[in-house]
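One structure below.
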Amino acid sequence: MKHGQGGFTLIEMAVVLVIIAMTVLLVLPRLPDTSGAALKKSARTLASTIRYVRDQVTVNRIAHRLRFFPGEGKITITTLPPGGTETSPKDPFLNKQILADRVTVTDVEVPRLGKVNSGEVAVDIGAAGVAEITTIHLKESGGKQMTVIAFPYGGRVTVEEGYREVTP
């Protein structure tokens, strides 16, 4: 080879590739698992929405109703003015899609209705929160599940990993 020609030798390039491969092997296991990210986000969004609705009911003194559609990825919120009919809420936050595209409501469990896994379940939220303990099971298309539990009187809402049964 002539002096003055620039470039890398094959050995130098092989050493660089080995260093990059070792770095990837060390870093990849430490990266967070994003496979259940949509499910976790949906569960947390649902819990936050339930808390927010309770706060709105306390401030505005207008009850709200959450409608769950088990087997679907749909949850709707309406207002229940005294003596009036259900209307869409004026708050843009309450008109947003709560669940991600690949997340569905598996079932909703309320003591007065039991476990409902098809059709529609309406849960009213008043100033004290939900009237009875409400358990909502969410499922991602990959099979992972999470449970959102709304407790009566106080507005406490929890999010738990997996499918959890709650005894009132």
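Every number here is computed from the coordinates shown, using simple stated rules; none is lab data. All values reported here derive from a predicted model rather than from experimental measurement. Counting neighbours? That spans all protein chains shown, and the Cβs are built from the backbone with ideal geometry, glycine included.
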(message) With angles folded into 0 to 90 degrees, how steeply does helix 37-60 sit against the dominant principal axis of the chain? Use alpha carbons for both and round to 10.
(response) 30 degrees
(message) Can you list residues from other chains, or at least 5 along the same chain, whose modelled amide H is less than 5 Å from the amide H of A100?
(response) S42
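Let me check I've understood the local charge: for A47, count other residues with C-beta under 14 angstrom from its C-beta, Lys and Arg +1, Asp and Glu -1. What total comes out? Before the final figure, lay out the partial values.
Working: positive: K40, K41, R44, R51, R54, R156, R164; negative: D55, E160, E161.
Once positives and negatives cancel, what remains is +4.
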(message) Tell me the net charge near Y163. Cut-off is 13 Å between Cβ atoms, Y163 excluded, with +1 for each Lys or Arg and -1 for each Asp or Glu.
(response) -2
(message) Just to confirm the number: angle between the C-alpha axis of helix 10-27 and the first principal axis of the chain, 0 to 90 degrees, nearest 10?
(response) 20 degrees
(message) Per 0.36 nm of contour for each residue apart, how much would the distance between K96 and R67 grow if the chain were fully extended, relative to their Cα-Cα spacing?
(response) 9.1 nm
(message) Can you compute the radius of gyration and Dmax for the range 54-126, using only the Cα atoms, both in Å?
(response) 13.0, 38
(message) Sequence gap of 8 or more, or different chains, plus Cα separation below 21 Å: how many lysine pairs satisfy both in the range 1-106?
(response) 6
(message) For the chain, I need the span (max minus min coordinate) of the C-alpha atoms along each principal axis, in Å, sorted largest to smallest.
(response) 94, 34, 27
(message) Using the crude model of +1 on Lys and Arg Cβ and -1 on Asp and Glu Cβ, and no other charge, please compute the dipole size for the range 37-161 relative to its Cα centre, in debye to 20.
(response) 260 debye
(request) Please pull out the direction-averaged projected area of the range 96-139, using the convex hull of its alpha-carbon atoms, in nm² to one decimal place. (result) 3.8 nm²
(request) Run the numbers on the chain and let me know its relative contact order in percent, using alpha-carbon pairs under 8 Å that are six or more apart. (result) 21 percent
